[in-house]
Amino acid sequence: MNKAFIKEPEQSDSAYCPRCGSLGIAVGEATLAAQLPPEAQAAIAKAAFFCPFPTCEVGYFDSFERVVPASKLVRPAYPKEPEAPLCACFGFTRDDIEDDLNEGGVRRVRELLAKAGRGDAPCLVKAASGQSCMSEVQRYFMRRRAERSQGE
């Protein structure tokens, strides 16, 4: 078939997971190289997307709808693995948030946000999404605090 009649996928900074329909998070070659073994990297484009939907089996996908399952990641990644650290850079876990809530403070969360906000955190290669965990940690903290105030 003549290439003039084949529609190439549009290059975009956004794409939706071909399995669950969630908006993907754009990641680059450095993130993929740090998160996937070489054979999995070869199965996907150098510019791809992380699927952030917790129960979707897709870890990464590209504009051609090729997927790499989350099970291929070199280490467990939140939110795909609920027990994985919320912050892969500094090992901050859900238990750290629970400890802060049990103590009625935010010391651990503040310490993490200070470290993560310095600008030298290795999020690009440590986080499966290639992004800072700050918003996810704050969102999780607020959700758990609200659940506790409502008596879970």
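The values are calculated or read from the model by the stated rules, or taken from the named source; none is laboratory data. All values derive from a computational prediction rather than experimental measurement. Virtual Cβ from ideal backbone geometry, glycine too; neighbours counted across all protein chains shown.
Let's see how each residue does on (1) crowded, with 18+ Cβ neighbours inside 10 Å; (2) at positive phi; (3) under 21 Å from the mean Cα position of the chain (by Cα); (4) of a type in the set (Lys, Arg):
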residue	(1), (2), (3), (4)
94	no, no, yes, yes
97	yes, no, yes, no
112	yes, no, yes, no
120	no, no, yes, no
145	no, no, no, yes
The correct count of residues that are outside any loop (DSSP other than H, G, I, E, B) and under 16 Å from residue 98 (Cα atoms) in region 62-87 is 1
Expected output for region 42-54 (first residue within 15 Å of residue 18 (Cα to Cα), partner among the hydroxyl-bearing types (Ser, Thr, Tyr) and in a loop (DSSP other than H, G, I, E, B), Cβ below 6 Å, 6+ apart or cross-chain) is 50/129; 51/22; 53/22
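The rows are residues; the columns are (1) outside the structural domain of residue 93 (by TED's automatic domain parsing); (2) modelled with pLDDT of 95 or more; (3) in contact with a strand residue (DSSP E or B) (Cβ under 7 Å, 6 or more places away or on another chain).
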{"residue": "103", "(1), (2), (3)": "no, yes, no"}
{"residue": "107", "(1), (2), (3)": "no, yes, no"}
{"residue": "119", "(1), (2), (3)": "no, no, no"}
{"residue": "122", "(1), (2), (3)": "no, no, no"}
{"residue": "126", "(1), (2), (3)": "no, yes, no"}
{"residue": "129", "(1), (2), (3)": "no, yes, yes"}
{"residue": "141", "(1), (2), (3)": "no, yes, no"}
{"residue": "148", "(1), (2), (3)": "no, no, no"}
Residue 131 being in a loop (DSSP other than H, G, I, E, B) and surrounded by 12 or more Cβ atoms within 10 Å (Cβ to Cβ) = yes
Taking first residues from region 126-140 that are under 21 Å from residue 74 (Cα atoms) and second residues anywhere that are of a type in the set (Gly, Ala, Ser) and assigned to a helix (DSSP H, G or I), the pairs with Cβ under 8 Å that are 6 or more apart or on different chains are 126/34; 130/30; 132/116; 133/116
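Considering every residue within region 21-31, establish whether at least one is part of a helix (DSSP H, G or I), surrounded by fewer than 17 Cβ atoms within 10 Å (Cβ to Cβ) and at pLDDT 95 or above.
Scanning region 21-31 turns up at least one residue that is part of a helix (DSSP H, G or I), surrounded by fewer than 17 Cβ atoms within 10 Å (Cβ to Cβ) and at pLDDT 95 or above.
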Return yes or no: is residue 58 buried (at least 20 other Cβ atoms within 10 Å of the Cβ), within 23 Å of residue 132 (Cβ to Cβ), in contact with a Pro (Cβ under 9 Å, 6 or more places away or on another chain) and not assigned by TED's automatic domain parsing to the domain that holds residue 89? yes
